[in-house]
1. If you go through segment 33-43, how many residues are touching a helix residue (DSSP H, G or I) at 6+ places or on another chain (Cβ under 7 Å) and either assigned to a loop (DSSP other than H, G, I, E, B) or open to solvent by 30 Å² or more (accessible area, probe 1.4 Å) (or both)?
2. Give me the residue from segment 46-70 that is of a type in the set (S, T, N, Q) and out of contact with any Lys or Arg (no Cβ under 7 Å at 6 or more places or on another chain) and, out of that set, surrounded by the fewest Cβ atoms within 10 Å (Cβ to Cβ).
3. Any chance segment 125-135 includes a residue that's among the β-branched types (Val, Ile, Thr), under 30 Å from Phe359 (Cα atoms), in contact with a helix residue (DSSP H, G or I) (Cβ under 8 Å, 6 or more places away or on another chain) and without any contact (Cβ under 8 Å) to a residue 60 or more places away in the chain?
4. Would a scan of segment 287-296 turn up a residue that is under 23 Å from the mean Cα position of the chain (by Cα), modelled with pLDDT of 90 or more and part of a helix (DSSP H, G or I)?
5. Restricting attention to segment 211-235, which residues are in contact (Cβ under 8 Å) with a residue 40 or more places away in the chain and either part of a loop (DSSP other than H, G, I, E, B) or among the hydroxyl-bearing types (Ser, Thr, Tyr) (or both)?
6. Inside segment 285-312, can you point out the residues that are open to solvent by less than 10 Å² (accessible area, probe 1.4 Å) and either charged (D, E, K, R) or touching a His at 6+ places or on another chain (Cβ under 8 Å) (or both)?
7. So, Phe27, is that one of a type outside the set (Lys, Arg), surrounded by 23 or more Cβ atoms within 10 Å (Cβ to Cβ) and either part of a strand (DSSP E or B) or modelled with pLDDT under 95 (or both) or not?
Amino acid sequence: MAWLFLKVLLVGVSFLGCLYPLVDFCFSRDTKGQRPNFVIILADDVGWGDLGANWAETKDTDNLDKMAAEGMRFVDFHAAASTCSPSRASLLTGRLGLRNGVTHNFAVTSVGGLPLNETTLAEVLQQAGYVTGMIGKWHLGHHGSYHPNFRGFDYYFGIPYSHDMGCTDTPGYNHPPCPACPRGDRPSRNLERDCYSDVALPLYENLNIVEQPVNLSSLAQKYAEKATQFIQHASTSGRPFLLYVGLAHMHVPLARTQLSAETWGRRPYAAGLREMDSLVGQIKDKVDRTAKNNTFLWFTGGSPAKQTTWEGGHRVPALAYWPGRVPSNVTSTALLSVLDIFPTVVALAGAQLPRGRHFDGLDASEVLFGRAQSGHRVLFHPNSGAAGEDGALQTVRLGHYKAFYITGGAKACDGSVGPERHHEPPLIFNLEDDAAEALPLERGSAEYRRALPKVREALAGVLRDIADDNISRADYTQDPSVTPCCNPRRAACRCQTV
């Protein structure tokens with residue numbers, strides 16, 4: 001209780017700016033031995049083939065391709081969900097949404113967030129003596145105790161949700177586009193699609209909004225600067241550190257930047273890839289100059305396509321880089337997931353998993369160090385369609401077989417929603433022969449009859465395990481009064497301190 005009182009006191013005083021440097025980068029030099037540092041970079045909506053290392057026709061990811069050549073590349077790595085909040089909740093807890101309670105996205109007006117009885121990776125490492133920082137997209141609750149500073153992160157700089165959940169003065173590339181923020185007394189336009197025209201997109205540094213609306217054109221460079229500053233200050237402190245970077249790329253809108261000016265009109269997506277690659281390269285370069293041999297860098301994606309559990313919705317690029325520990329220029333076919341980041345990092349840090357709960361991720365250390373080739377035997381994905389707010393398990397991956405109990409229900413760019421179909425018995429695909437999931441196995445075939453009992457047994461087993469687990473429930477209540485707003489007296493809540 002004394003620790004909690006002190007933290008609340010420090011955060012409360014920081015609103016007045018009195019102890020702002022302490023909340024930023026003032027870390028003690030106390031250390032209990034040489035433990036590894038961790039940098040986890042989560043790209044948003046990045047496709048498996050967006051990396052040149054995965055798809056030779058891609059020519060826009062030189063830094064990531066270099067990282068793949070210097071480390072380990074995973075070709076069967078998966079997001080835990082194909083929507084924003086659930087995938088991030090699973091990364092930070094190692095648990096599916098049916099356990100951690102986060103089954104769909106939080107809103108600008110959400111009162112709650114990732115349930116407070118769920119322990120985050122940052123909290124585990126913070127209690128183990130790590131300096132912890134988070135840069136970028138959070139999307140696990142911004143109101144009160146759900147803010148990153150109360151979920152284990154000593155330092156936070158970023159947008160509390162997706163960067164299309166608020167207006168800006170210079171809207172980036174999107175289809176169809178959203179208008180700029182209103183100015184003065186000019187009323188906002190009535191829009192038919194999901195545009196946020198009344199409240200500007202906020203940028204936080206710890207608990208303070210430092211810019212509203214965010215300048216998307218300079219956001220990537222701000223993230224790079226804050227990330228490299230954190231690495232430098234944390235390394236100087238002598239303590240191990242965890243840095244979690246939630247990129248805005250490649251989620252729309254795609255920002256117009258100096259980096260992309262030459263080819264913006266021709267290839268806006270490629271320009272965005274290059275900007276993302278440059279940002280990651282700056283972070284890696286800082287790691288190499290500061291703590292190369294004792295820092296594990298993990299790059300992966302949150303979900304390449306929203307609201308679908310076809311392979312294009314959750315199979316993501318993933319790279320691991322740790323000179324001297326992770327072998328270089330190695331391709332791993334192990335079946336792994338974003339869920340595995342939590343238990344793997346906890347194990348490598350010499351910390352303990354939280355007690356009294358079950359985990360869906362596994363410790364992938366043996367795979368990372370080249371001592372094992374296999375990962376999960378079974379992997380599950382929740383229903384993330386427009387109507388899939390219950391988080392029910394939609395697909396079962398068992399070896400190279402993948403079974404669908406639900407298909408459809410995804411929202412298209414024009415706002416329309418396709419029909420959701422339930423399959424009993426399930427559709428089963430052999431990914432080894434049909435990676436594009438073009439043709440399910442014939443239900444009367446010998447191969448289908450062999451696979452079906454194993455799929456059903458695996459699904460029944462995880463549902464029994466979840467029923468016996470301590471599960472959480474997220475508060476999805478909404479209240480307009482919790483909308484981030486630094487100056488309610490100005491149109492779109494305008495303010496700027498950076």
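1. In the first step, residues of segment 33-43 are kept if they are touching a helix residue (DSSP H, G or I) at 6+ places or on another chain (Cβ under 7 Å); the result is 34, 36-43.
Filter once more, keeping what is either assigned to a loop (DSSP other than H, G, I, E, B) or open to solvent by 30 Å² or more (accessible area, probe 1.4 Å) (or both): 34, 36.
Count: 2.
2. First, the residues of segment 46-70 that are of a type in the set (S, T, N, Q): 54, 58, 61, 63.
Narrowing further to those that are out of contact with any Lys or Arg (no Cβ under 7 Å at 6 or more places or on another chain): 54, 58, 61.
Working: Asn54: 21, Thr58: 17, Thr61: 26.
Residue satisfying both the conditions and the ranking: Thr58.
3. Step one: filter segment 125-135 for residues among the β-branched types (Val, Ile, Thr), giving 131-132, 135.
Filter once more, keeping what is under 30 Å from Phe359 (Cα atoms): 131-132, 135.
Checking which are in contact with a helix residue (DSSP H, G or I) (Cβ under 8 Å, 6 or more places away or on another chain) leaves us with 131-132, 135.
From what is left, the residues that are without any contact (Cβ under 8 Å) to a residue 60 or more places away in the chain are none.
No, that holds for no residue.
4. As a first pass, look at segment 287-296 and keep what is under 23 Å from the mean Cα position of the chain (by Cα): 287, 295-296.
Imposing the further condition that a residue be modelled with pLDDT of 90 or more reduces the set to 287, 295-296.
Filter once more, so that each one left must be part of a helix (DSSP H, G or I): 287.
Yes.
5. Listed by number, the residues that qualify are Pro213, Val214, Asn215, Ser217, Tyr223, Thr228, Ser235.
6. Of segment 285-312, the ones open to solvent by less than 10 Å² (accessible area, probe 1.4 Å) are 287, 295-303, 309.
Passing the criteria: Ser303, Thr309.
7. On the way: of a type outside the set (Lys, Arg): yes; surrounded by 23 or more Cβ atoms within 10 Å (Cβ to Cβ): no; either part of a strand (DSSP E or B) or modelled with pLDDT under 95 (or both): yes.
Against the criterion (of a type outside the set (Lys, Arg), surrounded by 23 or more Cβ atoms within 10 Å (Cβ to Cβ) and either part of a strand (DSSP E or B) or modelled with pLDDT under 95 (or both)), Phe27 does not qualify.
Let's see how each residue does on (1) touching a residue at least 60 places away in the same chain (Cβ under 8 Å); (2) of a type in the set (Val, Ile, Thr); (3) over 20 Å from Gly52 (Cβ atoms):
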position	(1), (2), (3)
Ile283	yes, yes, no
Pro304	yes, no, no
Val316	yes, yes, no
Asn329	yes, no, no
Ala334	yes, no, yes
Thr344	no, yes, yes
Leu348	yes, no, yes
Arg357	yes, no, yes
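The values are calculated or read from the model by the stated rules, or taken from the named source; none is laboratory data. Note that the structure is a prediction, hence the values are computed from the model and not measured. Counting neighbours? That spans all protein chains shown, and the Cβs are built from the backbone with ideal geometry, glycine included. SASA here: full protein model, heavy atoms, side chains in, ligands and nucleic acids out. Shrake-Rupley method; radii C 1.70, N 1.55, O 1.52, S 1.80 Å.
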